[in-house]
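**Q** My structure is below; once you've seen it, I'll send some questions.
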Amino acid sequence: GRGVCGERGPGKMPRRLRLLKDRIVLEQSSSSRCVSITLDTSAPRKFSAKVVDKASVLPDAGGSSGNSVVVDAVFGFYQLLSGPFIAVVLDSEVVINGIPDINFRRVTKVAILPVFSKSLKLTNAQKKDEDRYLHLLHAAISQHQFYFSYNTDVTHTLQRAVLMTGSNRAKPIAKRADDRFFWNKSVVQELEEANAYDWVTPMMSAYVEARTGLQAAGLSFTLLFISRRSRYRQGCRFTKRGVDAAGNVANFVETEQALLFSSGARASYVQVRGSIPLLWSSPVTMKYAPKVRIDSNVDRHRQAFQRHLDGLFKDFDEVLMVNLIDKKKDQGRLGKEFEDNAEYFSKQLQGSKRRRDEAGRNLDHGGAQAMASSG
């Protein structure tokens with residue numbers, strides 16, 4: 001049968017997933033190239049993706065081959081018991097539009113489809129398990145508000161975008177996206193390996209709001225508010241705490257408030273929040289305030305704390321840390337550990353800055369002497 005193409009809505013790009021007997025094809029009406037996905041005969045659950053000329057796999061110019069589904073974007077691929085499945089965004093709505101270089105869409109409908117019609121035969125128990133896995137996958141995706149864009153890098157703040165080098169700007173959005181906020185990165189690897197970047201769409205879990213037509217002090221502007229959730233170390237409040245060995249803190253969120261003026265000028269204020277960057281946990285109990293367990297190894301604390309700071313200093317010249325927890329009992333003990341480590345690294349950074357300043361002054365002084373003597 002032939003898929004029905006409905007209205008794609010404002011700002012949508014015509015894309016189609018075509019289901020053939022021996023492959024699936026991802027195509028765009030504006031391109032003569034497409035992505036052909038075929039089963040890997042050496043491994044039943046594996047597949048390969050390749051960018052090819054559309055005419056080589058879809059000989060009918062009218063586009064009547066196979067069943068087809070009109071999609072807004074590919075979310076990613078998942079390996080289940082019967083074989084690979086593809087998650088696609090069937091529908092989305094515009095959240096921000098009409099602002100130069102900024103266009104956000106919110107995912108409103110996702111479908112998870114088997115990649116190939118000939119899948120592995122499953123026992124009744126396996127079919128039951130796979131149905132459960134599909135249900136869990138749907139639930140996991142629907143718990144988030146996902147946003148994407150065809151022409152805006154939704155994973156970067158305006159500050160990072162302005163500082164981006166020309167060579168990075170020239171890259172496809174997925175190649176320059178911030179890894180922390182590229183939630184579907186791990187499930188689009190086959191497309192990235194095939195260099196099929198026209199079909200790799202970074203999905204960001206976030207809260208997004210825009211208020212237009214605002215005025216203050218005689219200036220007209222739009223207020224843009226974005227809170228991006230990191231994909232690393234996510235979890236419920238009491239099940240995910242502290243920092244991991246790589247420096248990723250639990251439930252890290254980057255919040256950006258941007259003013260987009262009618263004159264074209266832009267201003268952006270960014271702040272981040274996350275769990276205290278120490279190795280600690282707070283296992284769930286029936287008590288209102290569960291016990292806090294803190295790793296006793298000072299070196300491990302400082303290594304993780306240092307790596308967390310290294311990540312922050314990639315984005316910010318200076319960091320002000322604010323402690324929001326109680327100062328009593330276990331919370332107070334955790335807060336004291338946090339304060340001690342923050343002061344330790346503050347002194348380290350100040351000492352390093354003094355040494356750089358002194359080295360700079362000595363260099364300037366030595367240079368002046370050399371210039372004077374050469375005269």
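**Q** Counting Lys +1, Arg +1, Asp -1, Glu -1, what net charge surrounds Ser281 among other residues with beta carbon under 10 Å of its beta carbon?
**A** +3
**Q** If you don't mind, another one. Positive end of the dipole of the range 15-200, charges at C-beta (+1 Lys, Arg; -1 Asp, Glu), about the Cα centre: which of Leu17, Thr165, Tyr78 has its Cα farthest in that direction?
**A** It is Tyr78, whose Cα lies furthest towards the positive end.
**Q** Calculate the radius of gyration of the Cα atoms of the range 102-141 to one decimal place, then report Dmax, the largest Cα-Cα distance, as a whole number, both in Å.
**A** Taking only Cα atoms of the range 102-141, I get Rg and Dmax of 14.5, 49 Å.
**Q** Would you compute, from DSSP H runs of 4+ residues alone, the mean residue ellipticity of the chain at 222 nm, taking -39500 (n - 2.57) per run and dividing by the full residue count, rounded to the nearest 500?
**A** -9000 deg cm²/dmol
**Q** Lys and Arg at +1, Asp and Glu at -1: add these up for the other residues within a Cβ distance under 13 Å of Glu343 and post the number.
**A** With Lys, Arg at +1 and Asp, Glu at -1, the neighbours total 0.
**Q** Cross-link partners among aspartates and glutamates for Lys54, C-alpha distance below 17 Å, same-chain residues fewer than 8 apart left out?
**A** Straight-line reach from Lys54, under 17 Å: Asp22, Glu27, Asp198.
**Q** Still on this structure, please answer the following. Among Pro283, Asn248, Tyr269, whose Cα sits farthest toward the positive end of the charge dipole of the range 198-350 (+1 at Cβ of Lys/Arg, -1 at Cβ of Asp/Glu, about the Cα centre)?
**A** Selected residue: Pro283.
**Q** Could you give me the percent of Cα pairs per 5 Å distance bin for the range 15-200, shortest bin first, beginning at zero and ending with the bin that holds the maximum distance?
**A** Using 5 Å bins, I get a P(r) of 1, 7, 14, 19, 19, 16, 12, 7, 3, 1, 0, 0 for the range 15-200.
**Q** OK, next. Project the alpha carbons of the range 250-292 onto their principal axes and report the range along each, largest first, in whole Å.
**A** 56, 21, 10
**Q** Which one of Gln234, Gln215, Gln189 has the biggest mean-square fluctuation once the chain is modelled by GNM with Cα springs under 10 Å?
**A** Greatest mean-square fluctuation among the candidates belongs to Gln215.
**Q** Another one. Evaluate E = 1/(1 + (r/R0)^6) for Gln215 and Ser30, where r is the Cβ-Cβ distance and R0 equals 45 Å; express this FRET efficiency to the nearest 0.05.
**A** The calculated FRET efficiency here is 0.70.
**Q** With r defined as the distance between the Cβ atoms of Gln331 and Asp310 and R0 fixed at 22 Å, what FRET efficiency is calculated, to the nearest 0.05?
**A** E between Gln331 and Asp310, to the nearest 0.05, is 0.25.
**Q** Can you list, bin by bin at 5 Å, the percent of alpha carbon pairs in the range 125-180, starting at 0?
**A** 4, 15, 19, 14, 10, 10, 10, 8, 6, 3, 1
**Q** What does the charge count near His301 come to, summing +1 for each Lys or Arg and -1 for each Asp or Glu among other residues with Cβ under 12 Å from its Cβ?
**A** That works out to -1.
**Q** Mind checking the full-extension length gain between Ala245 and Leu122? Use 0.36 nm per residue of separation minus the Cα-Cα distance, one decimal, nm.
**A** Contour length minus the Cα-Cα distance gives 40.3 nm.
**Q** Using all alpha carbons of the range 96-249, what is the percent of pairwise distances in each 10 Å bin, ordered from the shortest bin to the longest?
**A** For the range 96-249, the binned pair fractions read 8, 29, 32, 21, 8, 2, 1, 0 percent.
**Q** For the chain, report the accessible area per residue in Å² (1.4 Å probe, heavy atoms, rounded to an integer).
**A** With all protein chains present, the chain gives 58 Å² per residue.
**Q** While we're on this one: Could you please state how large a percent of the accessible area of the chain is carbon and sulfur, counting protein chains only and using a 1.4 Å probe?
**A** Answer for the chain is 51 percent, counting heavy atoms of protein chains only.
**Q** Run down the lysines and flag those whose C-alpha is under 27 Å from the C-alpha of Lys291, throwing out any fewer than 8 positions away in its chain.
**A** Of all the lysines, those that pass the test against Lys291 - Cα under 27 Å, at least 8 places apart if same chain - are Lys240, Lys327, Lys328, Lys329, Lys336.
**Q** Let me ask another. Sorted from largest to smallest, which semi-axis lengths in Å does the alpha carbon gyration tensor of the chain give for its equivalent ellipsoid, taking the root of 5 times each eigenvalue?
**A** 44, 30, 22
**Q** If you average the alpha carbon positions of the range 208-270 and of the range 129-164, how far apart do those two centres end up, in angstrom?
**A** After rounding, the separation between the Cα centres reads 15 Å.
**Q** While we're here: Just to be sure I understand the rule: take each whole DSSP H helix in the chain, project its Cα atoms onto its long axis, keep it if the span is 15 Å or more and its mean Kyte-Doolittle hydropathy is at least 0.5. Which ones pass?
**A** In the chain, no H run is both long and hydrophobic enough.
The values are calculated or read from the model by the stated rules, or taken from the named source; none is laboratory data. Values in this document were obtained by computation on a predicted structure and should not be read as measured data. Every residue, glycine as well, gets a Cβ built from its backbone with ideal geometry; the counts of neighbours run over all protein chains shown. These area figures cover heavy atoms from the full protein model, side chains too; ligands, DNA and RNA do not enter into them. Shrake-Rupley method; radii C 1.70, N 1.55, O 1.52, S 1.80 Å.
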